[in-house]
Amino acid sequence: MNTFRLRVLSADAPFYDGPCESLIVPTSEGKYGIQAGHSNLVAAIVPGIVSYRPPAGEMTYLSVSEGIVKVEKNDVQVLVDTAETPDQIDVAAAEREAERAREALQLHRADNMARMVEAKLARELIRVKAKGYQK
């Protein structure tokens, strides 16, 4: 079985460090799949769902914010600001925050604050989506 080393690190703490069979990350170019022997790569991660499968394990899903993925010599690092498993997400709180972000977006559509609010809205909507991956 072909595996690679995966390290998932959030700004708060390490999330996972171990062998992995497959990894899917959301990038600015779309979803990107990584397996053992993948060519070297550095890509921007956008808010979305990261999924990975450790050897003989079930697929694990994470809601992540922006960051980067680096692949080099069968060693993969996922560096993100935040990462949460579905069971860590309070969906009611995420939906409230998403609604606040929608309201703020309406108020700030014409100024630079809109980009920050759009990022917040995207993050909260991803968290709500990720909750659906809970086992």
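The values are calculated or read from the model by the stated rules, or taken from the named source; none is laboratory data. Bear in mind that the values here come from a model prediction, so they are computed numbers and not experimental data. Neighbour counts run over all protein chains shown; Cβ positions are idealised from the backbone, glycine included.
Pairs meeting the criteria (first residue in region 86-99 and under 25 Å from MET59 (Cβ atoms), second residue at pLDDT below 85 and outside any helix (DSSP H, G or I), beta carbons under 7 Å, at least 6 apart or on different chains) are PRO86/TYR133; PRO86/GLN134; ASP87/GLN134.
Could you grab me the full set of residues in region 1-45 that are under 17 Å from THR82 (Cα atoms) and touching a residue at least 40 places away in the same chain (Cβ under 8 Å)? Across region 1-45, the qualifying residues are LEU6, ARG7, VAL8, LEU9, SER10, ALA11, ASP12, PHE15, TYR16, VAL25, THR27. Screening ALA119 with (1) more than 21 Å from TYR133 (Cβ to Cβ); (2) loosely packed, with under 13 Cβ neighbours inside 10 Å gives one miss only, at (2).
Table: residues versus (1) under 15 Å from the mean Cα position of the chain (by Cα); (2) at positive phi; (3) surrounded by fewer than 17 Cβ atoms within 10 Å (Cβ to Cβ); (4) assigned to a helix (DSSP H, G or I).
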residue	(1), (2), (3), (4)
LEU9	yes, no, yes, no
ASP17	no, no, yes, no
SER39	no, no, yes, no
ALA44	yes, no, yes, no
TYR61	yes, no, no, no
LYS70	yes, no, yes, no
GLU95	no, no, yes, yes
GLU99	no, no, yes, yes
ARG102	no, no, yes, yes
